[in-house]
Amino acid sequence: MSLSTINKITVLGSGVMGHGIAQVSAMAGYNVVLRDIEQSFLDKAMEKIKWSLSKMVEKQKLSQADADRIFARITPIVDLKQALKGTDLLIEAVPEDMNLKKKVYAEVDSFAEAKTLYASNTSTLPITEMAALTSRPDRFIGLHFFNPPQLMPLVEVIPGGRTNQSMVDMAMGFVQKVGKQPVLCKKDVAGFIVNRVFIPLVHEAVYCQERDNNVPMTTIDSAVKFKMAFPMGIFELADYTGLDVIHKATVEMHSRDSKVIRPHPKVKQLFDEKSLGQKTGKGFYEYKGDKYERIN
Ligand code: 3HC
């Protein structure tokens, strides 16, 4: 296998990460199928891709003709068998739940052609364990994009215990071809590199706020933005990422290595009450409108 054999890509899951990965792949010239379980999810995802491309046209990063060509390269499909037909590389971006992944990979295995390589956009689940659920653990790899995939330059590449070297080479080349910077995570540990730092950071920010007599979150956010040059404050970034994503990553990382993180109960509380951040209008902060304007 080599990068030159990759022409058609299927992205499973059309949420924040899936639709973004589909878009960056199409921008690199690939023919992409975006697959989800309901047409309405795909319709929303295609709208988001259209919006993102139009932003790029507005900012003169793309011409309108290029944006139209990129959009036309992405085909939304519900039927899994049809979505996998002729696919060279599958990129799975379904929610972070091992039981769900198990079900998805069992279905995928029943339709995927022998040539199809598998990649997962998981942010914390062990690649070796997921690869073992499939018929091709030697051709399975982690490709962890960051939100928003259209703008974030980094992708973590995580080989599993049985991933072969040509698959690693293909993945590193693929990430560069889609205009991103790959970082090879040699150890398949929960949270890889970035989430190993980012997820504890969110919890420590809450401990810090509590310790300092409930100092306003904006004080902590301002400190990291203006003194440490973070592009967003920690609470802002947590709301942007989603408290569901953060809580699930926390549970996963803590259950596998209790030393890496001190979960703060506030994160679980926000998750339990469905205050998930920008997407629900409330997380650490509150938001209004479809541009997620902050109101506190
Ligand atoms: N496509 C195209 N344009 C987009 C876009 C998208 N998907 N999303 C936002 N934009 C646009 C904005 O609308 C804005 O346009 P405007 O100027 O007309 O309003 C423009 O891009 C730039 O926005 P900003 O002025 O806010 O520019 P920034 O320079 O701040 O960049 C950012 C935005 C890249 C999101 C930056 O704030 C950033 O890097 N934030 C941190 C994000 C981050 O750390 N992500 C990782 C989260 S952790 C994760 O994903 C891992 C997971 O496993 C948990």
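Remarks
- Heavy-atom accessible surface of region 1-85: percent carbon and sulfur, 1.4 Å: 53 percent
- Estimated FRET transfer efficiency when R0 is 30 angstrom, pair Ser40-Lys268 (beta carbons, to 0.05): 0.50
- Sorted into 5 angstrom bins from 0, the C-alpha pair distances of region 138-205 split as 4, 17, 25, 22, 17, 9, 3, 2, 0 percent.
- Spin-label model distance (nm) - Ala229 vs Val183, 7 Å beyond Cα toward Cβ: 1.6 nm
- Rg over Rh for the chain works out to 0.97, both radii taken from alpha-carbon positions and Rh defined as the Kirkwood radius.
- Protection-proxy order for peptides 124-130, 160-166, each taking the mean of Cβ atoms within 10 Å per residue, highest first: 124-130, 160-166
- Among Glu92, Glu156, Glu58, the residue with the largest mean-square fluctuation in a Gaussian network model of the chain, with springs joining Cα atoms closer than 10 Å, is Glu58.
- GNM flexibility winner over the chain from Ala205, Ala229, Ala190 (Cα, springs under 10 Å): Ala229
- Residue-normalised accessible area of the chain, given per residue in Å² at a 1.4 Å probe: 48 Å²
- Looking at region 1-122, the pairs of alpha carbons with a distance over 22 Å make up 32% of the total.
- Sorting 233-244, 13-24, 167-178 by average packing, meaning the other beta carbons within 10 Å per residue, from highest down gives 13-24, 233-244, 167-178.
- Between region 252-286 and region 192-228, the Cα center-to-center distance that results, in Å: 13 Å
- Between the Cα long axis of helix 243-256 and the first principal axis of the chain there is an angle of about 80°, rounded to the nearest 10.
- Region 27-74 and region 97-143 have Cα centres lying 25 Å from one another.
- Here the contact order of the chain, divided by its residue count and restricted to Cα pairs under 8 Å and six or more residues apart, works out to 14 percent.
- Most mobile of Tyr118, Tyr30, Tyr285 in a GNM of the chain (Cα contacts under 10 Å): Tyr285
- 0 to 90° range, to nearest 10: angle between helix 165-177 axis and the chain longest Cα axis: 70 degrees
- Heavy-atom SASA rank of Cys208, Cys185 (probe 1.4 Å, accessible area, largest first): Cys208, Cys185
- With Cα atoms, 0 to 90° folded angle of helix 98-111 axis to the chain main axis: 10 degrees
- The slack in the chain from Lys115 to Lys50, taken as 0.36 nm per residue of separation less the alpha-carbon distance, amounts to 20.3 nm.
- Size of region 136-266: Rg and Dmax of its alpha carbons, in Å, are 16.8, 54.
The values are calculated or read from the model by the stated rules, or taken from the named source; none is laboratory data. Remember, it's a predicted structure, so these values are computed and weren't measured experimentally. A quick note on method: Cβ atoms are made from the backbone with ideal geometry, for glycine too, and the neighbour counts reach across all protein chains shown. The accessibility values were calculated without ligands, DNA or RNA, using every heavy atom of the protein model including side chains. Shrake-Rupley method; radii C 1.70, N 1.55, O 1.52, S 1.80 Å.
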